[in-house]
Amino acid sequence: MLGLTMLLGAVGLGAFCRLFYNATIYALPCFVGLFVGFFAESTGAGLSAAITFGVAAGVLLLAIGQKILTLLRSPFLRAIVALTFAVPAALTGYFAVYNLAGLTAATSIWRQVFAIAGALAVGATAWQRLASPPDADTRDRHSPAQP
């Protein structure tokens with residue numbers, strides 16, 4: 001029974017880390033959604049309206065950012081838009097790993113090392129997902145050759 005508990009605990013922790021990692025990649029839309037939701041709630045919109053506004057704002061920002069990245073062809077402009085999304089993701093990764101390392105018996109130096117590694121991993125992943133050049137038209141790749 002103890003082995004099953006340890007196995008399920010490890011699986012649960014792994015699932016939580018995977019979910020948290022995916023959430024930190026999209027830190028900017030999440031922050032904007034939370035800001036809009038809290039602002040709407042504080043102005044008296046009500047809880048359900050605040051949640052709706054917050055989710056809508058986050059999804060809208062993500063959709064606009066992805067659309068801008070698909071339309072831009074300049075590598076410089078693509079890098080600027082990708083940095084706009086990757087920097088908050090890296091900061092979120094830094095603080096998340098820093099606080100998680102604080103739950104263990106890690107010294108402050110090792111907490112910093114782990115936090116910087118976490119920031120680099122999350123920031124690099126966000127950068128890679130956003131700054132990669134747009135794919136070529138899939139119709140051209142999959143269409144049969146014409147004589």
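The values are calculated or read from the model by the stated rules, or taken from the named source; none is laboratory data. Just so it is clear, the structure is predicted and the values come from calculations on it, not from any experiment. Cβ coordinates were reconstructed from backbone atoms using ideal geometry, including for glycine residues, and neighbour counts include every protein chain displayed.
Candidates THR104, THR84, THR43: the one that is among the hydroxyl-bearing types (Ser, Thr, Tyr), surrounded by fewer than 14 Cβ atoms within 10 Å (Cβ to Cβ) and closer than 20 Å to ARG18 by Cβ is THR104.
Beta carbons closer than 8 Å, at least 6 apart along the sequence or on distinct chains, pair a first residue in the stretch 10-31 that is within 19 Å of LEU91 (Cα to Cα) with a second that is among the basic types (Lys, Arg) and at pLDDT 75 or above for ILE25/ARG129.
Residue selection: ARG78 satisfies the criterion of being buried (at least 17 other Cβ atoms within 10 Å of the Cβ), under 16 Å from THR125 (Cα atoms) and charged (D, E, K, R). Residues of the stretch 19-29 include none that is out of contact with any Lys or Arg (no Cβ under 9 Å at 6 or more places or on another chain), over 22 Å from ILE116 (Cα atoms) and of a type in the set (A, V, I, L, M, F, W, C). Looking only at the stretch 19-33, decide whether some residue is loosely packed, with under 13 Cβ neighbours inside 10 Å and under 17 Å from GLN128 (Cβ atoms). Taking every residue of the stretch 19-33 in turn, at least one turns out to be loosely packed, with under 13 Cβ neighbours inside 10 Å and under 17 Å from GLN128 (Cβ atoms). From the list SER143, SER132, the lone residue that is modelled with pLDDT under 80 and closer than 25 Å to ALA23 by Cα is SER132.
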